[in-house]
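Q: Take a look at this one; I'll ask things after.
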């Protein structure tokens, strides 16, 4: 089988499309024949070694987190899935490997793909959907009538957060580029600001939740925008922010933390047409490395980039 992998941490030049032999799934694991994989910034951050304390030094390492596909084998203890099931989800940070013809993933990082949901759309749900859910549902407990501000409201995580907030009945404001403001409105953002011309720290409105999904907002700005009892969700956690969060309950650093109930909830909402990310470009596995390099270098697309594997 083939996958995109690397034999040492480093830049995009480390990526190779090589042959590999997938291991048998272990306890609680599932082997999936990948149909589509979605590209996310976390993929090259892991290759750079940003989380090497988690990923370790065993090489070669496959790239890719988010995928859709069909189950080809299950490990001991797996009861939620069987061979032939269509699934969507994420590989583990330590394992990765979604940019390949087969991937091993924890069973609790997967959900059954609804029949009405395409494999392409299913592959887009993982990291953006889970991260949005971790923030708004798990950390903020957003409820109907609350006012949420989403910075980067048309990015992948931001757009998922807008759609989740809309599902809860919250009021939604946000910031994005001028060219994306129409799309933000179509997603359900009721008040949209152009981040290039608006000093968010000077807004007079106060919010129950501020979610910086673009990792560009200063902590001081996010906290200043909060109403009494509000929380600032920060998608770019650092050791310093985790330390501050121990003493300041307004600050909630967000780390993508998949779980079966979250993936099941996302799949159900997608089937009902309540969650969807646009797909901007799809390339075959043989042509994926140039696209990953371009995205890493700053290419901006109006939607997700997918790798067609199956």
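The values are calculated or read from the model by the stated rules, or taken from the named source; none is laboratory data. The model shown is predicted, which means the values in this text are computed figures rather than measured ones. Here the Cβ is made from the backbone with ideal geometry for all residues, glycine too, and neighbour counts use every protein chain on show.
Q: Mind listing just one residue for me: the one in the range 47-72 that is farther than 20 Å from residue 120 by Cα and in contact with a strand residue (DSSP E or B) (Cβ under 8 Å, 6 or more places away or on another chain) and, of those, surrounded by the most Cβ atoms within 10 Å (Cβ to Cβ)?
A: Among them, the one singled out is 47.
Q: Looking at the range 256-273, which of its residues are in contact with a helix residue (DSSP H, G or I) (Cβ under 8 Å, 6 or more places away or on another chain) and part of a loop (DSSP other than H, G, I, E, B)?
A: Initially, the range 256-273 is screened for residues in contact with a helix residue (DSSP H, G or I) (Cβ under 8 Å, 6 or more places away or on another chain), giving 256-260, 262-263, 265-267, 269-270.
Those that are in contact with a helix residue (DSSP H, G or I) (Cβ under 8 Å, 6 or more places away or on another chain) and part of a loop (DSSP other than H, G, I, E, B): 256, 257, 258, 259.
Q: Could you check how many residues of the range 241-255 are touching a helix residue (DSSP H, G or I) at 6+ places or on another chain (Cβ under 9 Å) and either over 19 Å from residue 163 (Cα atoms) or at pLDDT below 95 (or both)?
A: 8
Q: Does residue 276 meet the test of being in contact with a helix residue (DSSP H, G or I) (Cβ under 9 Å, 6 or more places away or on another chain) and in a helix (DSSP H, G or I)?
A: Values: in contact with a helix residue (DSSP H, G or I) (Cβ under 9 Å, 6 or more places away or on another chain): yes; in a helix (DSSP H, G or I): no.
Criteria not met by residue 276.
Q: Please go through (1) on the phi > 0 side of the Ramachandran plot; (2) part of a loop (DSSP other than H, G, I, E, B) for residue 229 and return the number of the only condition it doesn't satisfy.
A: The one condition residue 229 does not meet is (2).
Q: Give just the number: which of (1) assigned by TED's automatic domain parsing to the domain that holds residue 138; (2) under 25 Å from residue 90 (Cα atoms); (3) touching a strand residue (DSSP E or B) at 6+ places or on another chain (Cβ under 6 Å); (4) outside any helix (DSSP H, G or I) does residue 242 not satisfy?
A: Only one criterion is unmet by residue 242, namely (4).
Q: For the structure I just gave you, tell me whether residue 30 is more than 19 Å from the chain's Cα centre (by Cα), closer than 21 Å to residue 257 by Cβ and assigned to a loop (DSSP other than H, G, I, E, B). Explain how you work it out, then say what you get.
A: Numbers: more than 19 Å from the chain's Cα centre (by Cα): yes; closer than 21 Å to residue 257 by Cβ: yes; assigned to a loop (DSSP other than H, G, I, E, B): no.
Criteria not met by residue 30.
Q: Now for a different question. For the structure I just gave you, tell me whether residue 90 is in contact (Cβ under 8 Å) with a residue 60 or more places away in the chain and within 25 Å of residue 268 (Cβ to Cβ). Steps first, please.
A: Working: in contact (Cβ under 8 Å) with a residue 60 or more places away in the chain: yes; within 25 Å of residue 268 (Cβ to Cβ): yes.
Taking the combined requirement at face value, the residue satisfies it.
Q: Could I ask something else about it? Taking the range 187-202 on its own, how many of its residues are in contact (Cβ under 8 Å) with a residue 24 or more places away in the chain and either touching a strand residue (DSSP E or B) at 6+ places or on another chain (Cβ under 9 Å) or closer than 21 Å to residue 137 by Cα (or both)?
A: Step one: list which residues in the range 187-202 are in contact (Cβ under 8 Å) with a residue 24 or more places away in the chain, which gives 187-189, 192, 195, 200-201.
Applying the additional criterion that residues be either touching a strand residue (DSSP E or B) at 6+ places or on another chain (Cβ under 9 Å) or closer than 21 Å to residue 137 by Cα (or both) yields 187-189, 192, 195, 200.
So the answer is 6.
Q: Let me ask something else about it. For the subset of the range 259-271 comprising residues that are under 22 Å from residue 166 (Cβ atoms) and in contact with a strand residue (DSSP E or B) (Cβ under 8 Å, 6 or more places away or on another chain), which member is surrounded by the most Cβ atoms within 10 Å (Cβ to Cβ)?
A: 266
Q: Just checking, which of 252, 274 is touching a residue at least 40 places away in the same chain (Cβ under 8 Å) and surrounded by fewer than 16 Cβ atoms within 10 Å (Cβ to Cβ)? Before you say what the answer is, go through the steps one by one.
A: Working: 252 fails: surrounded by fewer than 16 Cβ atoms within 10 Å (Cβ to Cβ).
Of 252, 274, the one residue that is touching a residue at least 40 places away in the same chain (Cβ under 8 Å) and surrounded by fewer than 16 Cβ atoms within 10 Å (Cβ to Cβ) is 274.
Q: Out of 122, 140, I need the residue that is touching a strand residue (DSSP E or B) at 6+ places or on another chain (Cβ under 7 Å) and within 30 Å of residue 308 (Cβ to Cβ). Which one?
A: Working: 140 fails: within 30 Å of residue 308 (Cβ to Cβ).
Answer to the selection: 122.
Q: Quick one: residue 229 ticks every box in (1) under 17 Å from the mean Cα position of the chain (by Cα); (2) closer than 17 Å to residue 139 by Cα; (3) modelled with pLDDT of 95 or more bar one, so which box is it?
A: Status for residue 229: all satisfied but (1).
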